[in-house]
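A.B. asks: Let me begin by handing over the structure; questions about it come next.
Bear in mind these aren't lab numbers, they're just calculated from the coordinates by the rules spelled out. From a predicted model like this one, the values you see are computed outputs, not experimental measurements. Counting neighbours? That spans all protein chains shown, and the Cβs are built from the backbone with ideal geometry, glycine included.
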Amino acid sequence: MKHVFISVRRSHRTMKSKPMGALFGVLTLVAILSVAPAFGQTANEVDMAKGAGASQTADCVAANNCFNPNPLTVAPGTQVTWKNTDTVSHTVTSGKPSDNQTGTVFDSGGLIKPGGTFQFTFQNAGTYDYFCIVHPWMTAQVIVGGATMSNMTNTTNMTNTTNMTASNNTATPEFGPVAPIVLAIAVISIVVFTTRYRGIPKL
């Protein structure tokens, strides 16, 4: 009788631990799945369309994709790489051909030869217009964080680098601001569950 009572208590304790184990398992799984895409993302690339510099009647002008994709939407902290896939040189200059704020946020600092690249990291939210000084009909936008403010001039913490050589770009991981938090939740969930229940959750 005493043996039966002990078995019932153990069974009750096991049943009570299952919901908690399942909960930690679900939280861990969700956290890992949330972080995984961040590790798989790469830096964004914008290609300068072939034939874009021919004239203002080029096909890409009507399609508004001489810089492709246009517009490009990214999260704050994203590095964008422009690659010249055209047969003539271009610039990447912030602003619009019609204003006097050109190049105040970012500028390639000279011509980007065919096959060359230019990188810029967007730290602050906003809508950034840019164009090619040599071929002003080539216009586009980068939208950072989904904001709609145009012609942002705050360049604090913004960095740019120019790569004028034709080379293959190495993809760099992109991490959003939520990734470290989610990763921390995943690690804590695993540690707590392992310490308390000494096992792996079965979902």
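A.B. asks: Report the full-extension gain for the segment Thr87 to Ala62: residue separation times 0.36 nm, less the Cα-Cα distance, to one decimal in nm.
C.D. replies: In short, 7.1 nm is gained.
A.B. asks: Next question, about the same structure. Please give the FRET efficiency for Ala54 paired with Lys96, using the beta carbon to beta carbon distance and R0 = 25 Å, rounded to the nearest 0.05.
C.D. replies: On the way: r = 21 Å, r/R0 = 0.86.
That pair, Ala54 with Lys96, gives E of 0.70.
A.B. asks: Continuing with the same structure: Which peptide among 90-102, 72-84 comes first, and what is the full order, when sorted by highest mean count of other Cβ atoms within 10 Å?
C.D. replies: Taking the mean over residues of other Cβ atoms within 10 Å, the ranking is 72-84, 90-102.
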